[in-house]
Amino acid sequence: MRWCVVFVLLLALVFPCLGGIPSTVAAQPEVVVYDFIANAANAEWVGWEGGSNHPLTYGSSSFTDGFAMAYSGSVESGESVSNGLETYPPSNAPSGTTGDFRHVFVPKNAQLKVTFGFKSGANATDGVEVGVAFALDDPSTPVSQLINKTKGYDGSLLTATFDLSPYGERIGGFQLFVRSGPSATADALVWTAAVITVTSPSPGQPSVVTYDFMAAAYAAEWFGWVSGASQPITFNAAATNQGYAGGFDGALEDGKNYTNALQTIPPLQSSSGLTAECRNLYIPAGSRLRFLFGFQKGLNATDGVEAGIGAYAASSIDVELAVEKKYDNSLKEGILDLSSYADVIAGFQLFVRAGASAQADGLVWVRAVIEIPAPVISVVPTVMHFFIGNPVYQVNSLSKTMDTSPVIVESRTFLPIRFVVEELGAVVAWNQSEQKVTITLHGKTLELWIGRNYATVDGKNELIDPANPNVAPFLQPPGRTMMPLRFISETLGCKVDWLQPTQEVVITYPAP
């Protein structure tokens with residue numbers, strides 16, 4: 001086998017169509033994806049002393065019971081704070097004040113960052129213990145102390161960080177706490193920053209998901225409604241005439257299999273629907289909402305539904321993206337700009353509304369996220385021409401020669417795919433023992449095997465050609481690996497055109 005691993009410079013992945021490589025690359029900025037101080041009013045606050053807990057009302061000041069409230073003023077470092085959080089433990093030491101922030105989605109490669117110090121003039125304190133704890137939304141997982149610091153009044157603020165990568169793309173609860181010293185006198189601790197951050201994606205990189213509605217579906221409030229009258233529904237409970245919301249693994253109308261999807265079925269009556277209420281989500285600047293859904297395979301008796309997501313900053317929906325969906329053997333995508341909600345706390349409603357009959361309305365969500373997309377850069381398209389039976393091909397009008405010719409098998413064009421994907425800046429690897437080709441481009445990974453009629457795209461199985469199960473990679477003597485051109489090219493974001501008179505395939509990247 002003559003294939004080998006091809007190493008491509010990282011910058012070529014980001015700027016595949018530019019001829020030069022800059023000598024330096026600017027670091028991408030950090031983006032706040034969750035702000036504990038902004039969400040403090042929605043947390044559950046508790047004061048404790050001597051092993052006894054009592055609930056606290058955010059914003060109510062009581063030195064006896066302890067408190068948590070917004071703070072504007074000066075801190076021990078002499079700085080002025082306009083959006084701080086003051087946490088004060090109960091006066092009867094040993095004591096503490098704790099804020100529980102529930103069902104927080106942790107993005108990939110996120111960082112926890114906190115900065116705190118005492119209120120100016122609180123130098124009578126004998127110090128406190130300050131920190132952040134975390135536990136996944138799983139009763140079997142223990143609580144982890146992420147940050148635990150001792151702070152005295154020393155005229156400076158203390159900053160601490162924690163790498164949240166081990167918890168990436170998972171959901172859990174965070175605790176902000178302050179524990180008194182022996183006296184609990186003047187323990188007026190002020191948090192000047194308490195955030196989760198990620199690095200903003202570079203051009204060409206995948207979007208950064210800051211909230212996944214499907215992963216957090218169990219934590220949402222679900223309602224089925226008929227003619228305006230609603231009743232709660234338990235997530236993942238047995239389906240009833242009142243509607244259903246739960247996990248889904250299986251085939252959809254496009255013929256592909258999906259795992260970890262979300263199925264929503266409205267009540268089996270006309271003028272009905274299903275709604276999930278997702279509250280108190282922090283919306284980072286530059287965000288958008290994106291979803292993709294379709295019907296369960298075989299439910300072609302449906303007369304269609306209307307589905308989508310609405311957003312609100314107060315109590316009623318401000319903006320809504322609703323998409324009509326019928327059974328048409330394809331999935332439907334929706335994208336909603338969230339720039340008007342930048343750095344605010346918002347609520348969302350995920351919904352599906354039945355058609356006239358409310359029969360066979362088993363809608364499945366494959367994706368439903370808030371994400372920060374990478375900035376778009378202007379690139380010159382790469383245009384490639386391949387000719388059946390001819391080893392000469394063209395890349396942007398430049399003629400090149402491969403060591404074999406494209407062929408047609410099972411009415412599909414096959415060729416050694418490296419001659420295509422390397423022009424796009426992809427990395428290609430051959431695994432001899434598994435007879436597998438792996439292609440990676442801009443964070444997307446494809447795996448194809450000799451003789452198999454399916455591939456994996458980012459870990460999910462997909463048929464190479466749902467209309468023809470005989471389409472599969474093969475070996476052509478004396479050992480060339482022949483791959484399906486259209487499937488791979490379109491999966492990587494190319495436009496593919498077939499010109500019958502010249503037996504020619506034209507590939508344009510990126511797809512216009």
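The values are calculated or read from the model by the stated rules, or taken from the named source; none is laboratory data. Bear in mind the structure is a predicted one, so any value in this text is a computation, not a measurement. With ideal geometry, Cβ positions are generated from the backbone for all residues, glycine too; neighbour counts draw on all protein chains shown.
Restricting the search to strands (runs of 3 or more DSSP E) fully inside the range 76-188 and requiring at least 1 residues that are free of Cβ contacts under 8 Å to residues at least 12 places away in the same chain, surrounded by fewer than 16 Cβ atoms within 10 Å (Cβ to Cβ) and more than 32 Å from the chain's Cα centre (by Cα) gives 80-88. Of all residues in the range 440-464, those that are within 28 Å of the chain's Cα centre (by Cα) and in a loop (DSSP other than H, G, I, E, B) total 5.
Return a yes/no flag: does the range 333-351 have any residue that is touching a strand residue (DSSP E or B) at 6+ places or on another chain (Cβ under 8 Å), over 27 Å from Asn260 (Cβ atoms) and free of Cβ contacts under 8 Å to residues at least 40 places away in the same chain. Yes; the residues of the range 333-351 include at least one that is touching a strand residue (DSSP E or B) at 6+ places or on another chain (Cβ under 8 Å), over 27 Å from Asn260 (Cβ atoms) and free of Cβ contacts under 8 Å to residues at least 40 places away in the same chain.
Answer with yes or no whether Thr456 is polar (S, T, N, Q) and out of contact with any helix residue (DSSP H, G or I) (no Cβ under 9 Å at 6 or more places or on another chain).
Values: polar (S, T, N, Q): yes; out of contact with any helix residue (DSSP H, G or I) (no Cβ under 9 Å at 6 or more places or on another chain): yes.
Against the criterion (polar (S, T, N, Q) and out of contact with any helix residue (DSSP H, G or I) (no Cβ under 9 Å at 6 or more places or on another chain)), Thr456 qualifies.
If you check Gly493, Gly443, Gly425 for being of a type in the set (Gly, Ala, Ser), buried (at least 18 other Cβ atoms within 10 Å of the Cβ), out of contact with any Ser or Thr (no Cβ under 7 Å at 6 or more places or on another chain) and under 26 Å from Val380 (Cα atoms), only one passes: Gly425. Thr240 passes every criterion in (1) more than 28 Å from Pro466 (Cα to Cα); (2) under 17 Å from the mean Cα position of the chain (by Cα); (3) among the β-branched types (Val, Ile, Thr) apart from (2).
Is it true that Val364 is touching a residue at least 60 places away in the same chain (Cβ under 8 Å), touching a Gly at 6+ places or on another chain (Cβ under 9 Å), within 23 Å of Asp212 (Cβ to Cβ) and assigned to a strand (DSSP E or B)? Lay out the reasoning, then the answer.
On the way: touching a residue at least 60 places away in the same chain (Cβ under 8 Å): yes; touching a Gly at 6+ places or on another chain (Cβ under 9 Å): yes; within 23 Å of Asp212 (Cβ to Cβ): yes; assigned to a strand (DSSP E or B): yes.
Here the answer is yes, as Val364 does meet what is asked.
Evaluating Phe487 against the criteria (1) crowded, with 19+ Cβ neighbours inside 10 Å; (2) at pLDDT below 95 leaves one unmet condition, (2). Residue count for the range 486-506 satisfying the condition of being closer than 22 Å to Val457 by Cβ and either part of a loop (DSSP other than H, G, I, E, B) or in contact with a Leu (Cβ under 8 Å, 6 or more places away or on another chain) (or both): 7.
Among the candidates Val471, Val392, Val437, Val420, which residue alone is assigned to a strand (DSSP E or B) and surrounded by 17 or more Cβ atoms within 10 Å (Cβ to Cβ)? Unique residue meeting the criteria: Val437.
On the stretch given as the range 345-359, residues that are outside any strand (DSSP E or B) and under 20 Å from Ala276 (Cα atoms) total 3.
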